[in-house]
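Okay, so here's the structure we're looking at.
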Amino acid sequence: MANDERNPVRVSRRGVLLGALALPAAAALGGAFPAAASAPVDWSRAVIDSTMKRYTPATLGGWGYTRGLYLYGQYLFFKRTGEKKYFDYVKAWVDRFVDADGGISNSFDSLDAMRSCQLLPLLYTETKDARYQKAATKLRNAFPSYPRTSDGGIFHAKSKVGQLWCDGVYMAQPFLALYGKMFGDGGYCFEESAKNVTVYFEHLKAPNGLMFHAYDEDGSESWAKGPGHHSAHQWARAIGWFGMTAIDLLETLPQGHPRRQGLIDVVQHLATGYARYQDKATGLWYQIADRGGDAKNWLETSASAMYAFMLSRGVQRGYLDASYRSVAEAGYRGILKHKVSIGTDGLTTIKDISEGTNVGDLDYYYGRARSTNDFHGLGAFVIMNEQLRVA
């Protein structure tokens, strides 16, 4: 992604949001702000500082996509502030897995195993250390032989033959596009990354402006027996990953690339669904996005952050009508009011984040653990906040 494009325009939003985020918000959140309570909190800093107090780079966790997501958000914060300690933390975590010669111990047998590689071109940009490029190239070189559906969709995992999961594109395609831009390999990387988004979209898009969770090419999976061979339900976070992917590729692909319009079409399709199914009372979105009336359904934080991010960036870049700005801002305010708090220890808490989720029936989705400070939510929150922040 073009780092100089990550800083959002905030002038028109500041007056709208300040009233919701100053002193009255402290009572709404049920927590105490740090010392300068009369000013809006920099929520990215609050979440990142809290996470760094809870974990060192050595204890943060393994080479999983959730850590890669979170640390990408921390990298964006570093780019805004220039405070080196935040970059050093990201680098120290990556250096646990990349050796002195650029070796990286990963088989890349699933898309989930790829997300953290997004950090490698970014670290190379900051350090010019060739080992990060070498490690990134290991994944880049795995793409041509990675198994695909007959129309070119990359399997969610090598073990999930013929399956395309809506959440999978975010794990692999932004990395591939960024690699192409950073290392002069755009011919293959731009086309392959954007083509995959298009293939997935054609199989998974729903008429209501959302997407189904997964597709199975031969329809042999129990959840793929109906027309279209897709699963039955519209799981919110999977749809959020997809929207973020389209935005990230649009940040990376050059103007005039023939795949750009297809990505804009994705953003516009999802924007209609996001607006239609937003909970009007809170500004948030439900775990199963189109079934807000179900008693077992619940308002989920990570997807809400992803939706607010996509809508805001879409308006900012001119892909979406300006009317969607208020939808994004309502989502942002809703998360701050209903899902975020600061405890007496000064550390932030973000709640109601769905744990990792496979394809299932409604009871399965509704029964997923509603975690606190899960990295799915921490990462999505920081990325959203870097787009919509007011401080």
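For this structure, a couple of remarks:
- SER222 being open to solvent by 10 Å² or more (accessible area, probe 1.4 Å) and over 27 Å from LYS351 (Cα atoms): yes
- Lone unmet requirement of (1) in a helix (DSSP H, G or I); (2) in contact with a Gly (Cβ under 6 Å, 6 or more places away or on another chain); (3) not hydrophobic (A, V, I, L, M, F, W, C) for GLY283: (1)
- Some residue of segment 181-191 being closer than 25 Å to VAL359 by Cα and modelled with pLDDT of 95 or more: no
- Selection status of THR137, surrounded by fewer than 24 Cβ atoms within 10 Å (Cβ to Cβ), under 20 Å from the mean Cα position of the chain (by Cα) and either modelled with pLDDT of 95 or more or part of a loop (DSSP other than H, G, I, E, B) (or both): no
- Condition met for LEU176 (farther than 29 Å from ASP363 by Cα, open to solvent by less than 40 Å² (accessible area, probe 1.4 Å) and not in a loop (DSSP other than H, G, I, E, B)): yes
- Number of positions in segment 274-292 that are open to solvent by less than 10 Å² (accessible area, probe 1.4 Å) and closer than 18 Å to TYR332 by Cβ: 5
- Total residues in segment 54-92, condition not small (Gly, Ala, Ser) and not in a helix (DSSP H, G or I): 7
- Residue check: PHE108 meets all listed conditions (1) open to solvent by less than 30 Å² (accessible area, probe 1.4 Å); (2) at pLDDT 95 or above but one, namely (2).
- Annotation note: Cβ proximity below 6 Å between a residue of segment 143-171 that is more than 22 Å from TYR72 (Cα to Cα) and a residue that is among the acidic types (Asp, Glu) (sequence gap 6+ or interchain) occurs for THR149/GLU217; LYS158/ASP109; GLY162/ASP216; GLY162/GLU217; GLY162/ASP218; GLN163/ASP216.
- Being part of a helix (DSSP H, G or I), of a type outside the set (Lys, Arg) and open to solvent by 40 Å² or more (accessible area, probe 1.4 Å) holds for only one residue in ASP345, ASP363, ASP321, and it is ASP363.
The values are calculated or read from the model by the stated rules, or taken from the named source; none is laboratory data. Because the structure is a prediction, the values reported are computed rather than measured. Methodologically, a virtual Cβ is constructed for each residue, glycine included, from the backbone with ideal geometry; neighbour enumeration extends over all protein chains shown. Quick note on the areas: whole protein, heavy atoms, side chains included, nothing else; ligands and nucleic acids left out. Shrake-Rupley method; radii C 1.70, N 1.55, O 1.52, S 1.80 Å.
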